[in-house]
Structure formats: C-alpha cells, structure tokens
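The values are calculated or read from the model by the stated rules, or taken from the named source; none is laboratory data. Computed from a prediction, not measured in an experiment: that's the story for all the values here. Neighbour counts run over all protein chains shown; Cβ positions are idealised from the backbone, glycine included. Side chains are part of the model used for accessible areas, which takes the heavy atoms of the whole protein and leaves out ligands, DNA and RNA. Shrake-Rupley method; radii C 1.70, N 1.55, O 1.52, S 1.80 Å.
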Amino acid sequence: MRAIPVASVALLGAAALSACVPAGAVGSNTFGFTVSPATVAPGGEVTVAVGRTAAGCHGRVTVTSPVFDTVTIPRDESSATARVDRDARRGAVYQVTFACRDKTGTAQLTIAGGGSHHPSDGPWQSKGVHAGEGGTVAGFDLKQIGLGAALVAGAVGTAYHLSRRRSGADSA
C-alpha cells in the first residue's frame with residue numbers, strides 16, 4: 001500500500017521540476033550546435049561543434065558567420081576550429097549558422113569588448129582562456145529564479161503532506 005503514495009510523490013516531483021524548465025530551452029538546440037568559447041577576442045580561435053547523437057546531424061556540416069571564414073565539419077568528426085577576424089567589432093554579437101543537409105541551427109558569438117590594447121616590448125605570452133562564468137552571470141533573472149524556487153518548494157511541501165496523510169482507518 002506504500003507504493004501508491006511513493007509513486008504519487010515521485011510523479012508530482014517530476015512534474016514540478018519539468019515546469020521549472022524555461023520554454024525556450026525545450027527543443028532549442030536539437031542537433032547540439034555549439035560555439036566555444038561563446039565570447040572571444042578579435043583574432044582568437046573558436047571551436048564549432050555539432051552533436052553526433054541519434055537525434056543529431058550525421059552528415060557534413062557547413063558553418064558560416066560574418067566574422068570568420070566558412071568552416072566545414074566533416075561527417076566523421078564532431079568539431080572544427082575557426083579564427084575570428086582581427087577587425088571584428090568589439091562588444092558585437094554575431095550569429096553563427098550551422099547547415100546540415102536540410103537542417104539548420106544558429107548560435108551566438110560575442111566579441112570581447114574592453115579597453116584598448118597596448119602591446120608591450122616583451123615577448124607575447126598566452127594567458128589562457130577566462131572561463132567559468134558563461135551562463136552564471138548572463139541572463140540572471142530574479143523573477144524566474146523566484147518562480148522556480150516557489151514551484152520546487154510547493155512541490156516538496158505537497159509531496160510531504162501527501163506522504164504523511166493517513167486515512168481514517170489507519171489512525172484508529
């Protein structure tokens with residue numbers, strides 16, 4: 001008899017968590033088209049990739065953008081690199097288009113903005129990529145976070161209440 005309340009709690013929890021997924025995230029990137037890093041300095045390199053899963057693209061992929069030359073990802077590979085033009089406008093956001101047979105997808109590429117670059121007399125040294133902030137800062141929306149937290153709290157409270165509720169025959 002404990003199976004019914006446990007199943008109810010599990011289904012309610014799954015429903016509440018699925019309600020927290022933003023509508024734009026469902027099916028928005030079915031083929032796994034990605035540009036990494038999403039923000040790059042002019043003259044930098046990006047990796048363009050495609051998901052080769054069952055739902056992904058299995059053929060040759062052509063990648064185009066106004067800020068780099070056309071790149072082709074061969075059918076037996078999942079990524080390729082592209083060098084961003086040195087004269088790309090700082091702070092601009094460019095669209096990267098992926099074409100695989102009759103399927104297309106897009107991703108955004110942001111050109112890093114900032115102060116002017118003053119070259120030094122010393123030798124050039126690579127300092128690596130500044131990573132770890134993508135998505136944690138951009139698109140931070142307190143209303144969506146509050147709504148998600150309220151939905152999760154409500155689902156947990158309801159699940160607890162339903163699991164603790166007893167019928168009249170059990171309490172006697």
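What to note about this one:
- Amide proton proximity set for residue 92, modelled H, under 5 Å, gap of 5+: 111
- Under the simplified labelling scheme, the residue 158-residue 80 pair shows an inter-label distance of 4.9 nm, with each label point 7 Å from Cα along Cα→Cβ.
- Förster radius 41 Å - calculated FRET efficiency between residue 150 and residue 90 (Cβ-Cβ, nearest 0.05): 0.55
- Largest to smallest accessible area among 65, 79 [probe 1.4 Å]: 79, 65
- Taking label positions 7 Å along the Cα-Cβ direction at both residue 45 and residue 110, the computed distance is 2.3 nm, reported to one decimal.
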